[in-house]
Amino acid sequence: MKNKAFLVSFIALFAVALAMTTVAAVDFVDVTDVEVDSISIALDNVGNNIAGSVSQTVPVVVKFTALSDASDVKIRTYIEGFKSEISDETSRFRIVDGNTYVKRFTLELPSSLDLDELTEEELMLLVRFSARGLDSQEVEVPVSVEKNQYSLNLLSIDRNEVVEAGSRLAVDVVIENNGAERLDNVYVRATIPGLGISQKVYVGDLENNRDAFDDDINDARERRIYLTLPRDAPAGNYDLEIEAYNHDTSVTTNTRVVVRGVDTRILPPVTAKTIAPGQETVFDIVLVNPSERLVVYTITPGDSKGLFVEATEPIVTVSGDSSRATGIKVRASNSLEEGTYLISVNVHSETGLSEQISFTVNVEKAGSKTTNVVSGTDGKPNTVVVLTVILVIIFVVLLIILIVLLTKRPEESEELGETNYY
């Protein structure tokens with residue numbers, strides 16, 4: 001009897017557990033229709049798949065009737081198996097038994113890059129319902145993603161983000177045929193609209209898929225485009241536009257490039273000199289070009305009363321990563337009065353550099369106390385005076401040596417005798 005009672009109790013417990021499981025598994029909504037891109041599964045009698053194109057954004061409409069009251073209901077539509085998440089979902093809401101609801105979603109179908117080897121794929125669109133305290137339920141909708149007949153894709157664009165005005169910008173582009181048909185005579189073009197420069201190169205013919213056994217049959221190619229920036233290009237940020245095209249299709253993408261001016265330097269080693277009326281002198285200017293390209297400078301001296309000022313080289317070219325010295329020649333008129341005179345020199349380059357340098361000229365007559373007696377009439381050292389000073393110094397040194405020798409007494413020699421002891 002005890003065994004029978006135990007068996008009856010076990011069967012009753014199992015029946016209760018089964019009943020609870022059955023109740024928990026009961027659907028709380030009845031999905032009446034799912035529309036993908038305006039195609040209704042219920043009304044349009046879809047037998048196979050709903051067709052869509054790669055990267056297409058499609059609307060999804062879900063219609064359902066509540067079979068019971070539920071709270072914290074959420075609906076999520078998604079496609080699994082891709083690196084980029086493809087999903088859309090509602091916020092939490094409440095449903096009432098017997099009422100019919102409509103929820104709308106937007107999904108972007110996988111791109112050709114997401115599909116394996118760019119083949120057409122059959123996917124499954126999943127619609128999942130969840131609610132607090134209830135088991136989730138899910139509806140599957142088959143979707144077929146098809147490639148466009150003619151389509152190009154820019155897989156990568158590589159370039160230096162910062163370039164100097166006047167230099168060459170190299171742009172490496174990888175172009176791919178991700179359509180269903182072969183594309184002939186494909187070109188790729190790079191343009192900086194803000195600078196008015198553009199260049200294109202020939203890519204060739206692109207197949208719609210890659211042949212693993214023949215390297216000549218390829219669906220992607222890499223090309224390099226060179227853009228020469230103007231020397232006077234203003235510094236700033238510019239749009240770089242890349243376009244791949246042929247007579248059937250085209251694709252365009254934009255990126256950015258920063259153009260900076262050439263960081264040149266103008267250095268005057270000496271900014272002040274003294275001359276007499278009628279004399280001339282030369283001020284040196286060092287032009288430094290740390291950039292990688294050649295820079296052209298224009299030197300324009302300003303006017304100064306009583307002084308004749310000119311550049312020894314009005315136009316100077318300095319190669320990349322180097323420096324060069326040039327001069328400003330200044331001559332005082334014979335009637336120029338003593339005093340201090342200011343000279344201004346303007347230096348310009350085609351890179352946009354503009355700098356003004358100031359020099360000071362002190363004019364003193366030859367008889368002035370402050371005149372350098374060692375200098376000649378042309379401001380250079382007087383050779384005769386210098387030689388005279390050197391000879392005087394040598395004579396004084398020799399005289400001192402002679403006096404020392406004459407005043408020195410000879411040392412008395414000490415005779416050493418031999419003593420014998422007997």
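Could you work out the relative contact order of segment 152-260? I mean the mean sequence separation of Cα pairs under 8 Å and 6+ apart, divided by the number of residues, in percent. Answer for segment 152-260 is 34 percent. Each Lys and Arg adds +1 at its Cβ and each Asp and Glu adds -1 at its Cβ; summed about the Cα centre, segment 152-260 shows a dipole of about 720 debye. Subtracting the Cα-Cα distance of E138 and V26 from 0.36 nm times their residue separation leaves 39.1 nm of extension gain.
The shape of segment 24-146 comes out prolate: with a ≥ b ≥ c from the C-alpha gyration tensor, a/c is at least 1.5 and a/b beats b/c. Taking segment 237-329, how much of its Cα-Cα pair set, in percent, is spaced more than 15 angstrom apart? Considering segment 237-329, 72 percent of its Cα-Cα pairs are separated by more than 15 Å. What shape does segment 152-260 take by its C-alpha gyration tensor, where a ≥ b ≥ c are the square roots of the eigenvalues and a/c under 1.5 counts as rounded, a/b above b/c as prolate, and the rest as oblate? Verdict is prolate for segment 152-260.
Spatially, segment 139-155 and segment 75-96 are offset by 20 Å when compared through their Cα centroids.
Every number in this text was worked out from the coordinates using simple rules, so none of it is lab data. Bear in mind the structure is a predicted one, so any value in this text is a computation, not a measurement. Cβ: placed from backbone, ideal geometry, glycine included. Neighbour counts: every protein chain shown.
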